[in-house]
There are 2 protein chains.
Amino acid sequence: MSVTAPAGFAAAGVTAGLKKSGGLDLAIVANLGPLANAATVFTSNRCKANPILWSQQVMSDGRVSAIVLNSGGANCYTGSIGFQTTHATAEAVAEQLQVSSGDVLVCSTGLIGEQLDLGKLTAGVVDAGVALKDTAASSAAAGLTAAQAIMTTDTRPKQATQVSPAGWTIGGMAKGAGMLAPGLATMLVVITTDAVLSSAQLDAALREATRVTFDRLDSDGCMSTNDTVSLLASGASGVDADPAEFTTALTKLCRDLTLQLQGDAEGASHDVAISVRNAASETEAVTVARAVSRSNLFKAAIYGNDPNWGRVLAAVGTIPEADAAFDPYGIDVAINGIQVCTAGEPDQPRELVDLTPRAVSVVIDLHAGTAGATIWTNDLTHDYVEENSAYSS
Amino acid sequence: MSVTAPAGFAAAGVTAGLKKSGGLDLAIVANLGPLANAATVFTSNRCKANPILWSQQVMSDGRVSAIVLNSGGANCYTGSIGFQTTHATAEAVAEQLQVSSGDVLVCSTGLIGEQLDLGKLTAGVVDAGVALKDTAASSAAAGLTAAQAIMTTDTRPKQATQVSPAGWTIGGMAKGAGMLAPGLATMLVVITTDAVLSSAQLDAALREATRVTFDRLDSDGCMSTNDTVSLLASGASGVDADPAEFTTALTKLCRDLTLQLQGDAEGASHDVAISVRNAASETEAVTVARAVSRSNLFKAAIYGNDPNWGRVLAAVGTIPEADAAFDPYGIDVAINGIQVCTAGEPDQPRELVDLTPRAVSVVIDLHAGTAGATIWTNDLTHDYVEENSAYSS
């Protein structure tokens, strides 16, 4: 089950012909109400794509009636023509669903610096509009089709659901293949709920949930120009959700989708969880874990099943003192449960570490406080280089 | 010609048996005087190897009589035993050359977290000591042997010379294969001169020269725990050098060695010069160029001969506003002379860009000021992944 799991939503996925592959490449998720409350989190990249610039305007009143997503082109750095394409797409959706174009979010993914074919886009929107008028548009099958339509290099659709005993449901779909991300199309996520919550409550819950889930997936350190995570509430359950309980369930759903994204990084042969313990603050724990997650030497070593803990400490050492407190010679490192380094000196023989499983755990103890955090990443492989060099994407 | 080009220096390279390959792996450069002035620049990594901790003490008085370098082991994160190994190595050199061990710099390169064999080290020092007593130790051949002894994955020794009409000479040798750096042993550099300069003058000249040369080589964004650039002055020319003229010549020599390091990054198929123009400050220009040089997606695209300028802008966009001033939609990008992006919109067709040559030029115009800077990097290739994953190094 996916975005159609909660009551009050319809979804459709069609082939607009934007993808060279000829597969499904356009999806619409419609909020049938009674509420049209929403929250979004956009990429923090200063170079934002036209769909982001448009969607930021849509969010000014926290109202969203529908979201349209296309693969086959990022519509980024395409100037005023590109922005007009995004605007026209929203207008086409508005006409199909009889809503205001100012309440239609737009997401695009693909190559940067190329114009999208507006004719194909609008024709695809019409086809999706027809599908959305069918009662089957609220079925699990329709949700799956939408999840398939936003796939790029993903090998499988990514869906998740959380059901509350209180009587409300959250559903979600995601696309993105982490470090494979050709054209930087790293992540698009649509989350729906039939809980009764205000846009402000949705915003607070979404920021807290993404902060500890999607924000901590760092496959290759590259930040997309198009990343969007959206949360739409229909209120169709009629149940006022407890914000704290909702945030907890939303965080679980986001973590589920985050790990699905990490696990589908096709170029990767290992899913690496880098956990920093006993940091002075959670922020410093994230800084340290992120530094290791971005070391090509460390990531290549993991690919080679080489528990090269020296590369972990070398990466940690690059962090300025102002950004993280630790004694460089007081750090412990454990890889897959084997403590290979204690207080900056060799401990257990590295030969004891088994890196053949896909799941890898790296635990770094800074002995500098009581805070901790985990960053999820992947290894640096031949397939990563191939995916990101062989195709102009 | 190399470190023996200036008068007053002797060099030797021997096989101590530290390298599994069995090649030359220990070098000594001796300053025969009359002066023993010196300056050094060490890695800014907070996780410093034992030879760095030792050499920092040696530099407290700015006097250096000799430097000993070994490959086959970094002696980093080897605790007090490792520090004793470094100390004992300096003592052995001091005994051979009849100098104070407190005036002997030590450099090591190789795998982190493994103890060096002190017996092999001291035996190698004795062999080198014998060679240094031969008059041939001041020959170009001896300098070449020393340059060969510090090679790790380098395919060729790296040497450079600058001769001043004023009557003094600078010679230098370097090791490091940029992004191939197994065990993070990225760079060791020894520079010699017979000019008459104080340690303070040498320090000022070396910091200015390295700031715009070695510090701007960023092959894979990974910072070594062992990097050391040392400058030794014998004063044997008897000529008081003009500090400004010396700094200019030293900078030329350092740039020469920097480009040799970039060009010998075996895993690389392209040498990429990323130049940022019209930045608000030189620091901001470096920040922007470095961000692009660390984008795996950009580097993989270059490997694939794909002029993917969107990946350049996406990398630039990740920089916080506090770190670099620019209008994300006012940036120009040229690749190998073809202006593919003007003011954030497509300009010349990317198909016009020829990326088949090894040398690649990326010019980013921020239109935010008048400062500029260049970062030298390489592409991300299959060979890079292979070199850094297939061997436990």
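The values are calculated or read from the model by the stated rules, or taken from the named source; none is laboratory data. From a predicted model like this one, the values you see are computed outputs, not experimental measurements. Neighbour counts are summed over all protein chains in view; Cβ atoms, including those assigned to glycine, are modelled from backbone coordinates with ideal geometry. The area values use the complete protein model at the heavy-atom level, side chains included, leaving out ligands, DNA and RNA. Shrake-Rupley method; radii C 1.70, N 1.55, O 1.52, S 1.80 Å.
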Query - 0 to 90° range, to nearest 10: angle between helix B:243-263 axis and chain B longest Cα axis - result: 70
Report task. Report the label-to-label distance for B:VAL130 and B:ASP347 in nanometres (one decimal), using points 7 Å from each Cα along the Cα→Cβ vector. Result -> 6.4
Query raised in the report: In straight Cα distance, which aspartates and glutamates are under 12 Å from B:LYS120, not counting same-chain residues fewer than 8 positions off?
Result: B:ASP25
Requested in this report: Could you check what % of the DSSP bridge pairs in chain A are antiparallel, to the nearest 5?
Outcome: 70
Report task. Calculate, axis by axis, the spread of Cα positions in region B:199-299 along the three principal axes, and write the results as whole Å, longest axis first. Result -> 53, 35, 23
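Using a Förster distance of 45 Å, how high is the FRET efficiency between A:GLU245 and B:GLU282, based on the Cβ-Cβ distance and rounded to 0.05?
For A:GLU245 and B:GLU282, the calculated efficiency is 0.30.
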Query raised in the report: Copy-to-copy spacing for B:ARG211, label 7 Å out on the Cα-to-C-beta vector, in nm, shortest first?
Result: 3.9
Query - Net charge dipole size for region B:9-263 [Lys, Arg +1 and Asp, Glu -1 on Cβ; Debye, nearest 20] - result: 440
Requested in this report: Take chain B, connect every pair of alpha-carbon atoms lying under 10 Å apart with a spring to form a Gaussian network, then pick out the residue of B:LEU26, B:LEU69, B:LEU118 with the largest mean-square fluctuation.
Outcome: B:LEU118
**Report entry** Drop in accessible area of at least 40 Å² in the complex versus isolated chain, residues of region B:3-51, 1.4 Å probe
**Finding:** B:ARG46, B:CYS47
Query raised in the report: What are the nm distances, shortest first, from A:LYS252 to its equivalents in the other copies, labels at 7 Å along Cα→Cβ?
Result: 7.1
Requested in this report: Collect residues whose amide H, placed 1.01 Å from N in the peptide plane, falls under 5 Å from the amide H of A:ALA16; neighbours closer than 5 in sequence don't count.
Outcome: A:ASP25, A:LEU26
Report summary line: Ordering B:ARG311, A:ARG46 by the accessible surface of their heavy atoms, 1.4 Å probe, largest first, yields A:ARG46, B:ARG311
Query raised in the report: Buried accessible area for the B:A pair, summed, 1.4 Å probe, in Å² rounded to 100?
Result: 4800
Query - Principal-axis tilt of helix B:118-132 within chain B, Cα atoms, nearest 10 degrees - result: 80
Report task. For chain A, with a Gaussian network of springs between Cα atoms less than 10 Å apart, report the residue from A:VAL126, A:VAL68, A:VAL239 with the top mean-square fluctuation. Result -> A:VAL239
Requested in this report: Provide the net charge surrounding B:SER224, with neighbours chosen by a C-beta distance below 15 Å and charges set as Lys +1, Arg +1, Asp -1, Glu -1.
Outcome: -1
Query - Label point distance in nm, A:LYS20-B:THR356, each placed 7 Å from Cα along Cα→Cβ - result: 2.0
**Report entry** Length released on extending from A:LEU118 to A:ASP327, taking residue separation times 0.36 nm less the Cα-Cα span
**Finding:** 69.6 nm
Report task. Would you mind telling me the share, in percent, of accessible area of chain B contributed by carbon and sulfur at probe 1.4 angstrom? Result -> 53
Query - Range of Cα positions in chain A per principal axis (Å), largest first - result: 67, 48, 36
Report task. Express as a percent, rounded to the nearest 5, the fraction of DSSP beta bridges in the protein assembly as shown (both residues included) that run antiparallel. Result -> 70
Query raised in the report: Could you give the angle, 0 to 90 degrees to the nearest 10, between helix A:79-97's Cα long axis and the longest principal axis of the Cα atoms of chain A?
Result: 60
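With every protein chain kept in place and ligands, DNA and RNA left out, what is the accessible area per residue of region B:2-114? Probe 1.4 Å, answer in Å².
With the other protein chains kept in place, region B:2-114 gives 30 Å² per residue.
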Query raised in the report: Taking a point 7 angstrom from the Cα of B:PHE83 along the C-beta vector, which residues in region B:39-58 have backbone N less than 11 Å away?
Result: B:50-51, B:53-54
Requested in this report: Go through region A:206-254 and flag every residue whose accessible area shrinks by 30 Å² or more with all protein chains in place compared to the isolated chain (probe 1.4 Å).
Outcome: A:CYS222, A:MET223
Query raised in the report: Taking a probe of 1.4 angstrom, what is the accessible area of B:ARG255 in Å², to the nearest 10?
Result: 90
Query raised in the report: Among bridges DSSP assigns within region B:271-389, what percent are antiparallel (round to 5)?
Result: 70
Query raised in the report: Measuring from a point 7 Å out along Cα→Cβ, what nm distances, shortest first, does A:LEU352 have to its partners in the other copies?
Result: 6.2
**Report entry** 1.4 Å probe, heavy atoms, protein only - residues of region A:269-312 losing at least 50 Å² accessible area vs chain alone
**Finding:** A:ASN296, A:LEU297, A:ARG311
Query raised in the report: In the Gaussian network model of chain A, springs joining C-alpha atoms below 10 Å, which of A:GLY23, A:GLY337, A:GLY172 carries the largest mean-square fluctuation?
Result: A:GLY337
**Report entry** Net charge, A:GLU351 excluded, C-beta distance under 14 Å - Lys, Arg +1, Asp, Glu -1
**Finding:** -3
Query - Relative contact order of chain A, defined on C-alpha pairs under 8 angstrom at six or more residues apart (%) - result: 18
Query raised in the report: Just the Cα atoms of the protein assembly as shown, one point each, no solvent: what log10 I(q)/I(0) does Debye give at q = 0.07, 0.08, 0.09 Å⁻¹?
Result: -0.55, -0.69, -0.84
Report summary line: Quick calc of log₁₀ I(q)/I(0), region A:271-389, Debye, one scatterer on every Cα, no solvent, q values 0.10, 0.15, 0.19, 0.23 1/Å, result -0.27, -0.60, -0.95, -1.33
